[in-house]
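First comes the structure, then the notes that go with it.
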Amino acid sequence: MNRTLRLGLGILLGSVLAVVALAGGVIAWQSLRSEDPGVVVPVTDHQAQLAKGQYLARAGNCMACHTVRGGAAYAGGRALPTPFGTIYTTNITPDRANGIGDWSADDFWRALHHGRGRDGRFLFPAFPYTSYTQLSREDSDALFAWLRTLPPVNKPNRSHDLRFPTTKRPLLGLWRAFFFTPAVYQPDPARSAQWNRGAYLVRGAGHCSACHSARNVVAASIAPLDLAGGMIPSLDWYAPPLHGGEHGLGGWSEADIAALLRTGVSPRGTSLGPMSEIVGRSLQYLNDEDINAMAVYLKSLPAQPLPAASAAAQPEPAEAERIIKQGKKLYGELCVDCHGGKGQGSAPDYPPLAGNHAIGGPQPVNAIRAVLNGGFPPSTAGNPYPFGMPPFGPQLSDQEVAALVSYVRNSWGNQGGFVSASEVNRYRSVPLD
Amino acid sequence: MYPLRPALQSRKRGARMDYNRPMRLPTTNMKKLAAAALGTLIAGGAAMAQTPADKPRAIPGMAERMAACIACHGKEGRATADGYYPRIAGKPEGYLLNQLQSFRDGRRRYPMMNYLLGHLSDDYLQQIALFFADQHPPYPPPVPADVSATVLERGRLLVSQGKPAQGIAACASCHGAGLTGVQPGIPGLLGLPRDYINAQLGAWRNGERTAKAPDCMGEIARALSPEEINAASSWLSSQPVPADYAPERVLPKPLPVACGSMPGSSASAGAAR
């Protein structure tokens, strides 16, 4: 008996030691592996390089995360909520003490392409280097050159507020071994130049997959190239699928997609929540060729199955009938003037609700939040004075919102399922950034 | 996460608010809207010739675009009977623009407003300010204050005389003798709910509301006790609003304190830099 116990303990201890040794080996490999310096292209036209860098900063929407509301541009400090705690973005102005004033183009490339700080530390993938790694060295250098022209801001970085195990940066070596391979985008010779440009922007600077693909328990994007849609962790918005299938952008024309990206509104839908920020601060500044290239690329992506639906129970038939009746009545009082009797809307000012996957898809959260808190699409050059959706939260009870959203999600061909009052209640408070 | 306004917290969910109007938001018969918009465009085109270059020209369909605002601020921005959300109709244009920009840029905190305005341009906020400054719906009768006559009298004295011993200026010394406000940056103080006034002075005391530096109201609010704030708000909210109530065009005399939100006041001219 004693011998069996001792043997068992020995095997257990041995296994633990083996796992620790393996993990240590993986981390060491991640730390010590050679890093591709990329292909540095000599710069002849510095003005053109700066213009390109500024454009890429827009395309990558660097400012949105690296600027706190009302604060100095690119000086960092914005709180990014994650399932592991709060990450505070860093100062990327050329300030020597707090920013990237002492960085070289090589250091910047190391961060963007390899996801490592100047001192070699592993960066948290809240900085989307899993996408930015696709940028060419030439584009990385242009971005860096332009950031160096910003006014330096003497604003210290705030330390992150994270929980174990995320507090231990070396453990990110394990995460990287599973979920990150540094690799510049390689054009597909079988596709057009336009398609390849779209792919480069969507997968690289645009980092669309950061929101539009679901993440696993350690916050790594699952199948980031599929853009099959998913819940955005901690922000609690649903990012709908962007592929060319039936549940994605299959019913959208390339012109519809381009309109939404460029102006925030389109015949098929309107930007809401975080997407308003993306359009307002990033996409509206891209040129027509690039926007069209992104639309072409997205439309070409193969169809994917729908992400898992939220698990709201389908009510008993009599109860369902009562809910739909109440929801229809509320719709007639509050919504019909703008969104129409068949949910057809009046684009571009009032988006359609029928066939709108952000509203009638597997997750009800966007519809709930739209009803509770309303919202404006962004002011853009193409739509400078957007129409606003009123917040009905102060006026309606959770149960009324649930009935209204259930009605919208089960009418005019929508098959989104029912919503409960407790689900509505979860989203009542407007998060403050 | 952030507390709702006090009035809402105590309200029973499910009981519909007593709005003094049917909650039928934009009365948008699309054709009517299109016709109206076209009419405004033509009229606007005719008026454009005389419009001074520095004054933005109103854009068509603003009432419909503003459906998100009137949900809480009432038809034409006249406020509702809910007792918290302030009237925005007829406030000075510069004051409204300051508030809209402050909400967007985080100087003033109210999650719903911060969220709604987050991605609107200065150009649009200017239009919104212009639109609501031009609305002049009637005021409802004042709500009698449920405080003692002593408290009311204390409020009246604070409003009309301030706290001279501590050097705190009277409300009336900046907001106008009739508390009407002054163009372009100082709002009127009558016709607002007591809860709203209390919440604003409280927000200034704890830093949730700030204005362009020098933030005169922040200094004043921090020099007042909660009892004094309640006395002043009780008196202000229970006063009837005269029929010709409108902001004064110009400051009758220089402001007694420096205020960054009031351009052209001698006190703010240097400090705003």
If you take the residues in the range A:262-279 that are crowded, with 17+ Cβ neighbours inside 10 Å and farther than 19 Å from A:ALA347 by Cα, which one is nearest to the other protein chains (Cβ to nearest Cβ)?
A:GLU277
Specify the residue that is nearest to A:ASP36 (Cα to Cα); the eligible residues are those in the range A:85-106 that are of a type in the set (Val, Ile, Thr) and part of a loop (DSSP other than H, G, I, E, B).
A:ILE100
If A:PHE124 satisfies all but one of (1) farther than 17 Å from A:GLN54 by Cβ; (2) crowded, with 22+ Cβ neighbours inside 10 Å; (3) in contact with a strand residue (DSSP E or B) (Cβ under 8 Å, 6 or more places away or on another chain), what's the number of the condition it fails?
(2)
A:SER213 - would you say it is in contact with a Pro (Cβ under 6 Å, 6 or more places away or on another chain), modelled with pLDDT of 95 or more, away from chain B (no Cβ under 14 Å) and more than 20 Å from A:SER346 (Cα to Cα)?
no
A:ALA57 meets each of (1) in contact with a Leu (Cβ under 7 Å, 6 or more places away or on another chain); (2) farther than 30 Å from B:TYR115 by Cβ with one exception, condition (2)
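Here is a yes/no grid of residues against (1) in contact with a strand residue (DSSP E or B) (Cβ under 9 Å, 6 or more places away or on another chain); (2) of a type in the set (A, V, I, L, M, F, W, C); (3) in a helix (DSSP H, G or I):
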position	(1), (2), (3)
B:MET113	no, yes, yes
B:ASP123	no, no, yes
B:PHE132	no, yes, yes
B:TYR139	no, no, no
B:PRO142	no, no, no
B:VAL147	no, yes, no
B:SER160	no, no, yes
B:ALA170	yes, yes, no
B:LEU179	no, yes, no
May I ask you to list the residues in the range B:86-111 that are closer than 20 Å to A:GLU277 by Cα and of a type in the set (D, E, K, R)?
B:ARG104, B:ASP105, B:ARG107, B:ARG108, B:ARG109
Is it the case that some residue within the range A:372-388 is more than 7 Å from chain B (Cβ to nearest Cβ), touching a Cys at 6+ places or on another chain (Cβ under 9 Å) and either at pLDDT 95 or above or over 16 Å from A:TYR331 (Cα atoms) (or both)?
no
Can you tell me which residue is surrounded by the most Cβ atoms within 10 Å (Cβ to Cβ) among those in the range B:236-265 that are among the hydroxyl-bearing types (Ser, Thr, Tyr) and at pLDDT 90 or above?
B:SER237
Exactly one condition in (1) within 12 Å of chain B (Cβ to nearest Cβ); (2) at pLDDT 95 or above is false for A:ASP290; which is it?
(1)
Among the residues of the range B:111-163, what is the count of those that are among the β-branched types (Val, Ile, Thr), surrounded by fewer than 20 Cβ atoms within 10 Å (Cβ to Cβ) and touching a helix residue (DSSP H, G or I) at 6+ places or on another chain (Cβ under 8 Å)?
3
In this structure, does B:SER233 turn out to be in contact (Cβ under 8 Å) with a residue 60 or more places away in the chain, surrounded by 19 or more Cβ atoms within 10 Å (Cβ to Cβ) and under 26 Å from B:GLU93 (Cβ atoms)?
yes
Residues in the range A:336-351: is at least one surrounded by 13 or more Cβ atoms within 10 Å (Cβ to Cβ), touching a residue at least 40 places away in the same chain (Cβ under 8 Å) and more than 28 Å from A:PRO377 (Cβ to Cβ)?
no
Does the range A:354-363 contain any residue that is among the polar types (S, T, N, Q) and modelled with pLDDT of 95 or more?
no
Identify the residue in the range B:70-119 that is within 12 Å of chain A (Cβ to nearest Cβ) and of a type in the set (Phe, Trp, Tyr) and, among all such residues, is nearest to A:VAL430 (Cα to Cα).
B:TYR115
Provide a single number: the residues in the range A:12-70 that are part of a loop (DSSP other than H, G, I, E, B) and away from every other protein chain (no Cβ under 14 Å).
14
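The values are calculated or read from the model by the stated rules, or taken from the named source; none is laboratory data. Computed from a predicted model, the values in this text were never measured in an experiment. When we count neighbours, we look across all protein chains shown, and the Cβ atoms used for this are built from the backbone with ideal geometry, even at glycine.
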